[in-house]
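Read through the structure below, which is laid out as structure tokens, and then see the notes.
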Amino acid sequence: MFKELSFILRARTEFVLGWVSIVWFTSIVGSSNVIHLSNNTFSRQSTRELELQTSPQVVAQCGKNVTLECDVSSSSEFDIKKFAWMTAESKHLCQLEDGKLDHKVLCESKAEPLNKHRHRLTLTLTNMMPANQGEYICKLYSSLGVENRRTVVTLEECLGSFDFSNNQSHVECQFHGVYPNGTVHWLQGSSNLTDSATTQTEQDQHGLYNVTSTLKVQPGDMSQPYTCSLWIPASMKYLSSQKLDVVKPPIPDTSSGSSVKLQWICIMVGTLMVKFII
Ligand SMILES: *[C@@H]1O[C@H](CO)[C@@H](O)[C@H](O)[C@H]1NC(C)=O
Ligand SMILES: *[C@@H]1O[C@H](CO)[C@@H](O)[C@H](O)[C@H]1NC(C)=O
Ligand SMILES: *[C@@H]1O[C@H](CO)[C@@H](O)[C@H](O)[C@H]1NC(C)=O
Ligand SMILES: *[C@@H]1O[C@H](CO)[C@@H](O)[C@H](O)[C@H]1NC(C)=O
Ligand SMILES: *[C@@H]1O[C@H](CO)[C@@H](O)[C@H](O)[C@H]1NC(C)=O
């Protein structure tokens, strides 16, 4: 009976000990598992099998072409299921699928011959306009998984053409194809006439602005040249500065600045000749 009791006691102790050790073991394994898992996710991020590369930032010139490159490389061989350049709105611009290139814009796909470790997809955006600025995403679906990278494209300033006209009461400056938005500052000699001018901006579908500024003048004030300058607040600079030699009498053809200048010279020469003759 004593023996039996001691057996039961021992069995109980072993049972309890066993449970304790199981609980202890599970907790150890459990916690080490957690450590292991987080280690694993960390290492997977730092040493990816598949490396996708794009330039994070690209600055394009207005009206020019810009190329965006997306390079994929891997230490192991991989098969491409789909490789694409798309807009932030997921509009596919060019895509390589089942070995075929499908594109709406200029797009080039290049693999090193007999090499399943590298591939490049090049997107060319032509005639860059403000409306084409933004995020472009390169995405790869491959036998080694899915990856994506982005490139943010921004634009330098744009300036198209300049035009000016004047009549008895007004001088007007027009800057076409401007980006970013701007305003016009007026000077005549040392006086700043900006506050007396009216400036209007219009934006077209490409994101370019036409900036038109009109200054009311006193007929007698036209003898001194005016300067109209295109100020771009976002860039904190003048994109263009135009000196306008306007003459007092009404001019039949006021559409071009050079003809006005020519007439101004003619009048100067004329005055000099009259003086010379006298
Ligand atoms: C931009 O690309 C287009 C299409 O290939 C080409 O016709 C044009 O000449 C290029 N423009 C410039 C400025 O390189
Ligand atoms: C002169 O030009 C301004 C703007 O360019 C226009 O509003 C105005 O009517 C013109 N005045 C005359 C007398 O032609
Ligand atoms: C452009 O700038 C002018 C002056 O700075 C401002 O009055 C106008 O509202 C702006 N236009 C747009 C479309 O942002
Ligand atoms: C002329 O006046 C405008 C507006 O008041 C100002 O922004 C600009 O800096 C002035 N330009 C000069 C050369 O003083
Ligand atoms: C800007 O000016 C150009 C040249 O005069 C003209 O063709 C174009 O329609 C204008 N754009 C807007 C939005 O007014």
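The values are calculated or read from the model by the stated rules, or taken from the named source; none is laboratory data. Owing to the predicted nature of the structure, the values given are computational and were not obtained by experimental measurement. Cβ: placed from backbone, ideal geometry, glycine included. Neighbour counts: every protein chain shown. Surface areas here come from the heavy atoms of the whole protein model, side chains and all, with no ligands, DNA or RNA. Shrake-Rupley method; radii C 1.70, N 1.55, O 1.52, S 1.80 Å.
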Residues in the stretch 203-223 that are open to solvent by 40 Å² or more (accessible area, probe 1.4 Å), in contact with a Ser or Thr (Cβ under 9 Å, 6 or more places away or on another chain) and more than 16 Å from ligand 5 (Cβ to nearest atom) total 3
Being more than 16 Å from ligand 3 (Cβ to nearest atom) and in contact with a Leu (Cβ under 8 Å, 6 or more places away or on another chain) is the requirement here; does LEU187 meet it?
yes
Filtering the stretch 173-184 for residues that are more than 10 Å from ligand 5 (Cβ to nearest atom) and surrounded by 19 or more Cβ atoms within 10 Å (Cβ to Cβ) leaves a count of 4
**Message:** Whether any residue in the stretch 192-201 is open to solvent by 30 Å² or more (accessible area, probe 1.4 Å), within 16 Å of ligand 5 (Cβ to nearest atom) and within 26 Å of the chain's Cα centre (by Cα) is what I want to check.
**Reply:** yes
Might you let me know whether the stretch 103-123 holds any residue that is at pLDDT 90 or above, part of a strand (DSSP E or B) and closer than 24 Å to GLY207 by Cβ? yes
Considering only strands (runs of 3 or more DSSP E) wholly within the stretch 138-201, the ones with at least 3 residues that are within 16 Å of ligand 4 (Cβ to nearest atom) are 183-188
